[in-house]
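A.B. asks: Take this structure, written in structure tokens, and hold onto it; I'll ask about it next.
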Amino acid sequence: MAAELSTSINIKEPRWDQTTFVGRAKHFFTVTDPRNILLTDEQLAHAHKVVTDYRKGIVSPGLTEDELWRAKYVFDSAFHPDTGEKMILIGRMSAQVPMNMTITGCMMTFYKTTPAVLLWQWINQSFNAIVNYTNRSGDAPITVSQLGTAYVSATTGAVATALGLNALTKHISPLIGRFVPFAAVAAANCINIPLMRQRELQHGIPITDENDNRLGESTKAAQQAISQVVVSRILMASPGMAIPPFLMNHLEKKAFLRKFPWMSAPIQVSLVGFCLVFATPLCCALFPQKSSMPVSRLEPELQEKIRASHPGVERVYFNKGL
């Protein structure tokens, strides 16, 4: 009979060393695996039970270490790390590649007319709003009013940016025009993410010591977390929106696409998808998920509180969100 699995495995942390880029990349290739969106409610419930039982010191009979880690990553793919709630399906990181390849591919195919720009920018920003809300940091609820205001502001700003850039490129090279969607997406990320996570900027996000003891909420930590997410999201979009335009510009001069112009959209979507399969996890891995900052960079009153109650703490940790 095989020995029972030890209860000393730390599944609160990822399986691989998160102080290195390679370790974070391995982690996020697992987190963003598109196959996770095909998991049934029963499979998610089983993973939830395995993980929660293990955290209580209860080991399922016959459970192996690989099965435990698989359950942990299934659990992490569907449940929010701070609230524990099951996340909206299309807002999960495992849905990023299939959703973004479709939306981005269509944005880059149908970018020449105002109605097409309006439609696809609206769809893109609506999707981004869901992702930003689903992957927010912290456990404080956001009201419907706050959510609605942030969504309308972010979507309006993004669409206006796209239309403005499109208008400026009417008389320049068609190749340059193909990059308008990327410029609009980059600008929109700078608008959408802070607006959808504005509550964090106003009230702060939970910060802890290295042993996960909660020390308070910090707006300075929220600023760092959101800045890192904006950078990673823009870089995440870069390969899929920068490489296909050159390839499509070349392919559209060939006989095949002249004979079958309807193939342009599926080819572009496929090219974007190929780029995103690698860009999504690699850009998520740029910054540690469990981010940190020195106590000296926190708000003065929070510094005083921590030094009074936890004098030995020099660095605080927080979930930066995705």
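A.B. asks: Quick check: at a probe of 1.4 Å, how many percent of the accessible area of the chain sits on carbon and sulfur atoms?
C.D. replies: 64
A.B. asks: Let me ask another. Per 0.36 nm of contour for each residue apart, how much would the distance between residue 227 and residue 53 grow if the chain were fully extended, relative to their Cα-Cα spacing?
C.D. replies: Result: 59.1 nm gained on full extension.
A.B. asks: Ok, one more. Taking trypsin sites (Lys or Arg not before Pro) that fall in a DSSP loop and have at most 11 other Cβ atoms within 10 Å as cut points, what is the longest piece of the chain between them? Write down the numbers at each step before the final one.
C.D. replies: On the way: sites that count: 12, 56, 170, 253, 254.
My reading of the result: 57-169 is the longest stretch.
A.B. asks: Please work out whether the stretch 21-86 counts as rounded, prolate or oblate from its C-alpha gyration tensor, where a ≥ b ≥ c are the square roots of the eigenvalues and a/c under 1.5 means rounded, while otherwise a/b larger than b/c means prolate and anything else oblate?
C.D. replies: Cα axes put the stretch 21-86 in the prolate bin.
A.B. asks: Let me have the 222 nm mean residue ellipticity of the chain computed from DSSP H runs of 4+ only, each contributing -39500 (n - 2.57), with the sum over all residues rounded to the nearest 500.
C.D. replies: Calculated from helices alone, the mean residue ellipticity at 222 nm is -20000 deg cm²/dmol.
A.B. asks: Now a separate question. Rounded if a/c is under 1.5, else prolate if a/b is larger than b/c, else oblate: which is the chain, with a ≥ b ≥ c the root eigenvalues of its Cα gyration tensor?
C.D. replies: Since a/c reaches 1.5 but b/c is at least a/b, the shape of the chain is classed as oblate.
A.B. asks: Could I ask something else about it? Go through 32, 74, 22 and say which Cα lies farthest out towards the positive end of the charge dipole of the stretch 21-86; charges sit on Cβ, +1 for Lys and Arg, -1 for Asp and Glu.
C.D. replies: Positive-most Cα among the choices belongs to 22.
A.B. asks: Please give the FRET efficiency for residue 123 paired with residue 201, using the beta carbon to beta carbon distance and R0 = 22 Å, rounded to the nearest 0.05.
C.D. replies: In this case the efficiency is close to 0.25.
A.B. asks: Using amide H atoms built in the peptide plane, which far-off residues or other-chain residues are under 5 Å from residue 316 H to H?
C.D. replies: So residue 316 has HN proximity to 293, 295.
A.B. asks: Relative to a virtual label point 7 Å from the Cα of residue 168 in the Cα→beta-carbon direction, which members of the stretch 188-204 show backbone nitrogen distances below 13 Å?
C.D. replies: Those under the cut-off are 188.
A.B. asks: Return the loop-located GluC sites (Glu not before Pro) in the stretch 51-141 (DSSP other than H, G, I, E, B) with at most 12 other Cβ atoms within 10 Å of their own Cβ; answer none if there are none.
C.D. replies: Hits after loop and neighbour filter: 85.
A.B. asks: Just to verify a number: FRET efficiency for residue 38 and residue 249, C-beta to C-beta distance, R0 = 30 Å, to 0.05?
C.D. replies: So the FRET efficiency works out to roughly 0.30.
A.B. asks: Relative contact order for the chain: what percent, with Cα pairs under 8 Å and sequence separation of 6 or more?
C.D. replies: That works out to 20 percent.
A.B. asks: What is the distance in Å between the Cα centres of the stretch 81-125 and the stretch 183-214?
C.D. replies: Value for the Cα centre distance between the two parts: 20 Å.
A.B. asks: Rolling a 1.4 angstrom probe over the protein heavy atoms, how many square angstrom per residue are accessible across the chain? Mind dumping the intermediate values first?
C.D. replies: Numbers: 15770 Å² over 322 residues.
Counting only protein heavy atoms, the per-residue value for the chain is 49 Å².
The values are calculated or read from the model by the stated rules, or taken from the named source; none is laboratory data. Please read all numbers here as calculations on a predicted model, not as lab measurements. Cβ atoms come from the backbone with ideal geometry, glycine included; neighbour counts cover every protein chain shown. Ligands, DNA and RNA are stripped out before the accessible areas are found, and what is left, the full protein with its side chains, is counted by its heavy atoms. Shrake-Rupley method; radii C 1.70, N 1.55, O 1.52, S 1.80 Å.
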